[in-house]
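K.L.:
Encoded as structure tokens, here's the structure I'll be asking about.
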Amino acid sequence: MKGLYCRAAVSDTESKFVIQETTLPDVIGSHQVRIRVKACGLSPLDLKLLRDVGIQKDLIPVGRVVAGVVLQVDPSVTFFRPEDEVVGILPLDSSCSGLCEIIDVDEYLLVQKPQKLSSTCVAGALRDGLCAYTALHTHAHMAAGHTLLVMDGASPFGLMCIQLACYHGLKVLTTSHSQQQHTFLEQLRPSVGVQDPLVVRVIPVHDGSSDLLSAVLEETGGLGVDIVIDSGEVSLQEKEEEEKLLPHKHDIISVLGVGGHWVTSHQDLQLDPPDCRLLHLKSASVSFLNPEVWTASSAQQGRYLHILKDVVEKMSAGVLRPQLQEVIPLYEATVAMETVQLHPKKKAVVQL
């Protein structure tokens, strides 16, 4: 049985992805489920995070979002039985690659997959759905009537945030990074006479013609937004030519209203004293979005499973409609993973 692994190097840029033979133990572990993988979503490896939490291996398993069918269960398993369709995210310290044909997974990391939801769809979008849910519910405590600004709303993560926020009755503003993205996001705006709260304004930042701060204040009557969510791309210094599409940290803080929340995925965000002073004046807060925290700690395992279940149910019901991801065969997984690692916003799903 073959799986995809990353051969770690001294430099992250020198890491290589390789196909390796692997085997499963003859006996399933306690509370584990043996599943046949039908689809696996590829996402970039955060090698620095793995080192920070003490996970250092010569071969690091690749592919952690899996969807498949239960083949066998340990007698202690209570949630699943053979032939159940399941979906889940393998933990950081998993010894299995999600691209193996058959893997063993702890039952507390899986949820039932709705029958009408395809394996490739849920494998490609579950991680973004989890991130959006964590950002809006766990960190920002969104509520109907709040105003949300989503940076780069056409990205898979941004689109999930927009759809989830619209479902809960938020007023949504977003930015576009190209004319193609702008056209796509404009289609999410409500038609004349439609009362559903969808995207109320798309702010183009690709041609330098729109000022983010003035556009947001104009749309909110000068009050600012309740929530800002970025995808980790924030300019920390004065903007240079290559960073002209990235929002500056001071601009993001400036568009926040009183008591607002900024949820960022930027790992190395640095706030200067003037930035902290402005946050203090607004009584606003900054939260860091780390989606790995759910599987890195079992302190809130029940809450995590509730989120996964809610996300897949909303996908099945059409509330969350992810962008279609490229579906590739296993023999193309190595090249696809190299592309995903270099361009984190690109997504790929391997069908086994």
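The values are calculated or read from the model by the stated rules, or taken from the named source; none is laboratory data. Just so we're clear, the structure is a prediction, and the values are computed from it rather than from any experiment. Don't worry about glycine lacking a Cβ; one is built from the backbone with ideal geometry, like all the others, and counts go over all protein chains shown. Note: areas computed on protein heavy atoms with side chains; ligands, DNA, RNA excluded. Shrake-Rupley method; radii C 1.70, N 1.55, O 1.52, S 1.80 Å.
K.L.:
Count charges around Thr147 for me, please; just the other residues with Cβ under 10 Å from its Cβ, Lys/Arg as +1, Asp/Glu as -1.
P.N.:
Numbers: positive: Lys171; negative: Glu219, Asp226.
That sum, taken over residues with Cβ under 10 Å, equals -1.
K.L.:
Mean-square fluctuation check for the chain, GNM, Cα pairs under 10 Å: which of Gly68, Gly302, Gly232 is largest?
P.N.:
Judging by the Gaussian network model, the answer is Gly302.
K.L.:
Rounded if a/c is under 1.5, else prolate if a/b beats b/c, else oblate: with a ≥ b ≥ c from the C-alpha gyration tensor eigenvalues square-rooted, which is region 54-132? Could you put the intermediate results ahead of the total?
P.N.:
Working: a/c = 1.82, a/b = 1.20, b/c = 1.52.
Oblate is the answer for region 54-132, as a/c is 1.5 or above yet b/c matches or exceeds a/b.
K.L.:
Return, ordered by residue number, the residues of region 129-157 whose backbone nitrogen is under 16 Å from a label point located 7 Å along Cα→Cβ of Arg303.
P.N.:
130-142
K.L.:
Once you have a ≥ b ≥ c as the square roots of the Cα gyration tensor eigenvalues for region 14-58, tell me rounded if a/c is under 1.5, and otherwise prolate or oblate according to whether a/b is larger than b/c. Could the numbers behind the result be given before it?
P.N.:
Numbers: a/c = 1.91, a/b = 1.56, b/c = 1.22.
Prolate, because a/c is 1.5 or more and a/b exceeds b/c.
K.L.:
To continue, here is another question. Taking every DSSP beta bridge that has both residues in the chain, what percent is antiparallel when rounded to the nearest 5?
P.N.:
Working: 34 of 59 bridges.
Counting DSSP beta bridges with both partners in the chain, the antiparallel share is about 60 percent.
K.L.:
While we're on this one: Please list, by residue number, every one of the GluC sites (Glu not before Pro) in region 58-135 that is coil in DSSP and has at most 12 other beta-carbon atoms within 10 Å.
P.N.:
Numbers: sites: Glu83, Glu85, Glu101, Glu107; in loops: Glu83, Glu101.
Passing sites in region 58-135 are Glu83.
K.L.:
Given only helices, namely DSSP H runs of n ≥ 4 each adding -39500 (n - 2.57), what is the per-residue ellipticity at 222 nm of the chain, to the nearest 500 deg cm²/dmol?
P.N.:
Numbers: 10 runs with 97 residues, N = 352.
Rounded to the nearest 500, the figure is -8000 deg cm²/dmol.
K.L.:
Oh, and also: Over region 5-103, with a single point scatterer placed on each C-alpha, what log10 of the ratio I(q)/I(0) does the Debye formula yield at q = 0.18 1/Å?
P.N.:
Debye intensities relative to I(0), on a log10 scale: -0.88.
K.L.:
I want to check the label-to-label distance for Val27 and His250. Put each point 7 Å from Cα in the C-beta direction and report it in nm to one decimal.
P.N.:
Placing both labels 7 Å along Cα→Cβ, they lie 6.5 nm apart.
K.L.:
Shifting gears a bit: Compute the distance in nm between two label points, each set 7 Å from the Cα along the Cα-to-Cβ direction, one at Gln323 and one at Leu236.
P.N.:
Rounded to a tenth, the inter-label distance reads 2.7 nm.
K.L.:
What net charge is computed for the residues neighbouring Arg81, neighbours being all others with C-beta under 13 Å from the C-beta of Arg81, Lys and Arg scored +1, Asp and Glu -1?
P.N.:
Values: positive: Arg34; negative: Asp74, Glu83, Asp84, Glu85, Glu107.
For residues surrounding Arg81, the net value is -4.
K.L.:
Rank these by accessible area, largest first, 1.4 Å probe: Tyr167, Tyr108. List each step's numbers first, then the result.
P.N.:
On the way: Tyr167 130, Tyr108 80 Å².
Descending accessible area places them as Tyr167, Tyr108.
K.L.:
Remind me, relative contact order of the chain in percent, using alpha carbon pairs under 8 angstrom and six or more residues apart? Could you put the intermediate results ahead of the total?
P.N.:
On the way: 727 pairs, mean separation 64.9, N = 352.
It rounds to 18 percent for the chain.
K.L.:
Excluding same-chain residues fewer than 8 positions from Lys113, which lysines have a Cα within less than 27 Å of its Cα?
P.N.:
Here the lysines satisfying the reach criterion relative to Lys113 are Lys2, Lys38, Lys309, Lys314, Lys345, Lys346, Lys347.
K.L.:
Work out, step by step, the length gained on full extension between Glu101 and Ser76: first 0.36 nm times the residue separation, then minus their alpha carbon distance; give nm to one decimal.
P.N.:
Working: separation 25, 0.36 × 25 = 9.00 nm, distance 2.35 nm.
Result: 6.6 nm gained on full extension.
K.L.:
Taking the alpha-carbon distance from Lys282 and a cut-off under 29 Å, which lysines remain once sequence neighbours fewer than 8 residues away in the same chain are dropped?
P.N.:
Lys282 reaches Lys171, Lys239, Lys244, Lys249.
K.L.:
Counting pairs of alpha carbon atoms under 8 Å apart in space and at least six apart in sequence, what relative contact order in percent does region 41-89 give?
P.N.:
Working: 45 pairs, mean separation 17.1, N = 49.
Relative contact order comes out at 35 percent.
K.L.:
Distance in nm between label sites at Gln270 and Lys116, each 7 Å beyond Cα in the beta-carbon direction?
P.N.:
5.1
K.L.:
Report the one residue of Thr220, Pro322, His343 whose Cα lies farthest in the direction of the positive end of the charge dipole of the chain (charges on C-beta: Lys and Arg +1, Asp and Glu -1; origin at the Cα centre).
P.N.:
Working it through, the farthest residue towards the positive pole turns out to be Pro322.
K.L.:
Hey, of (i) 102, 45, 38; (ii) 86, 63, 44; (iii) 64, 48, 38, which did the structure itself give for Cα extents along the principal axes in Å when calculated?
P.N.:
(iii)
K.L.:
Any idea what % of Cα-Cα pairs in region 267-352 are farther than 22 Å? Write out the running numbers ahead of the final one.
P.N.:
Values: 2178 of 3655 pairs.
Of all Cα-Cα pairs in region 267-352, 60 percent lie more than 22 Å apart.
K.L.:
Continuing with this model, one more query. First select every other residue whose beta carbon is under 12 angstrom from the beta carbon of Leu159; then total the charges, Lys and Arg +1, Asp and Glu -1. Write down the numbers at each step before the final one.
P.N.:
Numbers: positive: Arg321, Lys345, Lys347; negative: Asp128, Asp152.
Its environment carries a net charge of +1.
K.L.:
Then there is this: Under a no-solvent Debye model with one identical scatterer per Cα of region 256-306, what's log10 I(q)/I(0) at q = 0.17, 0.29, 0.32 Å⁻¹?
P.N.:
Values returned for q = 0.17, 0.29, 0.32 Å⁻¹ are -0.67, -1.07, -1.19.
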